[in-house]
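The values are calculated or read from the model by the stated rules, or taken from the named source; none is laboratory data. As the structure is a prediction and not an experimental result, all values here were calculated from the model. Cβ coordinates were reconstructed from backbone atoms using ideal geometry, including for glycine residues, and neighbour counts include every protein chain displayed. When the accessible area is computed, the model is the full protein with side chains, heavy atoms only, and any ligands, DNA or RNA have been set aside. Shrake-Rupley method; radii C 1.70, N 1.55, O 1.52, S 1.80 Å.
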Amino acid sequence: MKKALITGVTGQDGSYLSEFLIGRGYDVHGVIRRSSVDFRERIAHLEGQPRFHLHYGDLSDTSSLVKVIGLVRPDEIYNLAAQSHVQVSFDSPEYTADIDATGVLRILEAVRITGLADTCRIYQASTSELYGKVEEVPQSETTPFHPYSPYAVAKQYGFWITKEYREAYHMFCCSGILFNHESERRGETFVTRKITLAAARIAQGKQEKLLLGNLSSLRDWGYAKDYVECMWLILQHEVPDDFVIATGVQHSVREFATLAFRHAGIELEWTGEGLDEKGINKANGKVVVEVSPDFYRPTDVVNLWGDPSKARRELGWNPQKTSFEELVRIMVDHDMKKVAKEQALEHINLAEYLEKGVVK
Ligand code: NAP
Ligand code: G4F
């Protein structure tokens, strides 16, 4: 039985990858950090399964990484842990560098220190943010990098140190240069999930308005469940290499919002420009989307569009398994149910409250 170690196991990708690898017969070990509140919602359904194990560790703490890697002795490591929010990286640039840059080096060194350099394959979660202020459209493995945020600069180090260890020590370490991938498990402050949750809440009368930043920003959005398969395929390739993982289709934030609100039953009409742009509910004339400067970044990446030809050709991966329309539908359906459930629970609590005679 193969053993995999996943850092960032509590995240969106970590949870899907765990399910995928358990399904492939792996013994899966995840690294978690201590928190005063429970952040294990995405992996709660896996806890207690015989082939799923959790270990405490942190990417800022070399000794914990050496300990976990030495104990598990994995065949494959998937380094998904990161401070993954681009806007937050402007507020916490040093922390972002420590985890997203030096953290990668700590993993690579821990593999060498524990004597696993010849046997352990390593996947590094690299990103389309490396292309940043893009120098070519669409972007492929040969497009020059131009990182455009503290997050992207840190991830640039992670990419190059991974390549360096491959060349210097002949280690099987690879980067997946993944374009944005979303799902019903996406963190609630990334733009897609922020939109689908707000559309569901506005449609069910639980929220008045959604505030967004740059509506014209373009992304190549895929489904996270499809992308974790590619992480695994990269480590099964005969030779270690780096791959762009994307759908090859591009949409704007505005288009995502239009489709999400439509699926929630609200047809939007856009008026105005820049900070004055508004999304109006055609049915009743109410403004439901507004632009706020709070969500603009000091430097923003606005034209990401991936060319997944190499992954299709060499890994046999299908970049269009889940279409953009399907992705939006999956996320909105999930959030419509989530909001309805929350509302039902509120009513149950109120009913209980009334029954106990606390409110007359
Ligand atoms: P995510 O949902 O934000 O998950 C990040 C994970 O990293 C969480 O499990 C988090 O743990 C963990 N983590 C953060 N700091 C850590 C630390 N100091 N030590 C140990 N663990 C730490 O991110 P994701 O969307 O799944 O993305 C996975 C990886 O792919 C990240 O490296 C991200 O930068 C990269 N990536 C993502 C995309 C995308 O579109 N999703 C695209 C390209 C690359 P807690 O739960 O404790 O916070
Ligand atoms: O959803 P986002 O925050 O994702 P971003 O910045 O592209 O980063 C994500 O994808 C990267 C891959 O390219 C990953 F490496 C990274 O870890 C993360 O998963 O923002 C997408 C776009 C940006 O241009 C942003 O300016 O949407 C724009 N946007 C407009 N309004 C907004 C908002 N972004 C957020 N988060 N919130 C808004 O209200």
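Observations on the model:
- Helices (runs of 4 or more DSSP H) lying entirely in the range 32-101 (those with 1 or more residues that are more than 25 Å from LYS133 (Cβ to Cβ)): 62-72
- Test: ALA257 is in a helix (DSSP H, G or I), away from ligand 1 (no atom under 16 Å from the Cβ) and more than 26 Å from ILE177 (Cβ to Cβ): yes
Okay, residues lined up against (1) within 16 Å of ligand 1 (Cβ to nearest atom); (2) under 19 Å from the mean Cα position of the chain (by Cα):
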{"site": "LYS286", "(1), (2)": "no, no"}
{"site": "PRO293", "(1), (2)": "no, no"}
{"site": "TRP305", "(1), (2)": "yes, yes"}
{"site": "PRO308", "(1), (2)": "yes, yes"}
{"site": "LEU315", "(1), (2)": "no, no"}
{"site": "GLN320", "(1), (2)": "no, yes"}
{"site": "ILE330", "(1), (2)": "yes, yes"}
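- Any hit, the range 284-298, residues being of a type in the set (A, V, I, L, M, F, W, C) and open to solvent by 30 Å² or more (accessible area, probe 1.4 Å): yes
- Filtered residues of the range 260-285 (kept if free of Cβ contacts under 8 Å to residues at least 40 places away in the same chain, closer than 25 Å to ALA340 by Cα and not in a strand (DSSP E or B)): ARG262, GLU267, LYS282, ALA283, ASN284, GLY285
- Of the criteria (1) open to solvent by less than 50 Å² (accessible area, probe 1.4 Å); (2) over 18 Å from GLY8 (Cβ atoms); (3) within 16 Å of ligand 2 (Cβ to nearest atom), which one TYR165 fails: (3)
- VAL239 among the hydrophobic types (A, V, I, L, M, F, W, C), modelled with pLDDT of 95 or more and surrounded by fewer than 17 Cβ atoms within 10 Å (Cβ to Cβ): yes
- Within the range 286-300, the set of residues being within 16 Å of ligand 2 (Cβ to nearest atom), in a loop (DSSP other than H, G, I, E, B) and closer than 20 Å to THR196 by Cβ comprises SER292 only.
- Checked against (1) in contact (Cβ under 8 Å) with a residue 24 or more places away in the chain; (2) within 16 Å of ligand 2 (Cβ to nearest atom); (3) charged (D, E, K, R), GLU314 passes all but a single condition, namely (2).
- Residue match in the range 125-137 (condition: of a type in the set (Gly, Ala, Ser), in contact with a Lys or Arg (Cβ under 9 Å, 6 or more places away or on another chain), within 11 Å of ligand 1 (Cβ to nearest atom) and in a helix (DSSP H, G or I)): yes
- Of all residues in the range 210-242 being within 11 Å of ligand 1 (Cβ to nearest atom) and assigned to a loop (DSSP other than H, G, I, E, B), the one that is farthest from GLY11 (Cα to Cα): ASP220
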